[in-house]
1. For segment 200-260, what is the accessible area per residue in Å², given a 1.4 Å probe and the full set of protein chains?
2. What is the distance in Å between the Cα centres of segment 135-175 and segment 212-273?
3. Would you rank LYS123, LYS202 by solvent-accessible area, highest first, keeping every protein chain in place and using a 1.4 Å probe?
4. In segment 174-273, carbon and sulfur make up what percent of the accessible area (probe 1.4 Å)?
Amino acid sequence: MDKKRKLIIIVLCITVLVFAFMGITFATSDSGAVNNAVNVILSPFQRMFTAMGEGTKDFFTYIRDMKTYKEENIDLKDRVAGLEREVRELSSLKAENERLRSVLDLKLQDAESRMIVSEVKSKEPGNWFYVFTIDKGTNHGIQKDDAVMTNQGLVGKVSDVGSSWAEVTTIIDSESSVGAIISRTQDIAIADGDMTLAEQGKCRLNYIKSDLSLVAGDTVETSGLGGVYPKGILIGTVSEIKNDSSGYTRYAVIETAVDFEKIREVIVIKSEE
């Protein structure tokens, strides 16, 4: 007979003896004595079963908590991976930003000494600034065809000038034309004023090559070609790409960087001597 069967037999014998003793005690004693005897005898067993019950409860609570911890651990790992990805992207953007800053600093190092801040003196009737006059002129070194910008981007050029004033024609004027370059692809195009788009404060990007992968969101800058506008001044962002009336060529609508309803102050870049 193995140990397990012996243990079962011993437990059964003890149980039988307990109940036999309870029966004898009940037959020979009053109810108070019986209750006391029963409590004395059963108390260890009650404690044992209570402890077993608590142990079982703790076991299932542990299993449930482990499942919760596992799910939380997976969620935290996903969040950490996402944060690490964002850190890598931010590091890449920071490096790109620093590179562009250094390029821009070099590009404008000479131009900075040629910048003249001027206030808007008057403008044509209406909300939009197609043509306006500033309070600086030849006495301050400003000449015809000098480029005009704000801290947001390109405004236009000086179209006429006097001793203490200058007239500025903006890039949304229908007579305006600016050599442009798409920042992402470095492809050349022309940013032209358009009578219809001017009413929305926008201009038009023409001469887009058929194989150019232009997309909405591409930034457009001055190309520096033509000798009027320095290279690298922000013109705006491509908002739409459309086919012209012939259906054979494309053009893009540029959301200009400058708000042409709210120009109050400009920067004139004097031409190089």
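The values are calculated or read from the model by the stated rules, or taken from the named source; none is laboratory data. These numbers come from a predicted model, not from an experiment. Surface accessibility is based on the protein's heavy atoms, side chains included, excluding ligands, DNA and RNA. Shrake-Rupley method; radii C 1.70, N 1.55, O 1.52, S 1.80 Å.
1. 50
2. 17
3. Listed by decreasing accessible area, they come as LYS123, LYS202.
4. Percent of accessible area from carbon and sulfur atoms in segment 174-273: 46.
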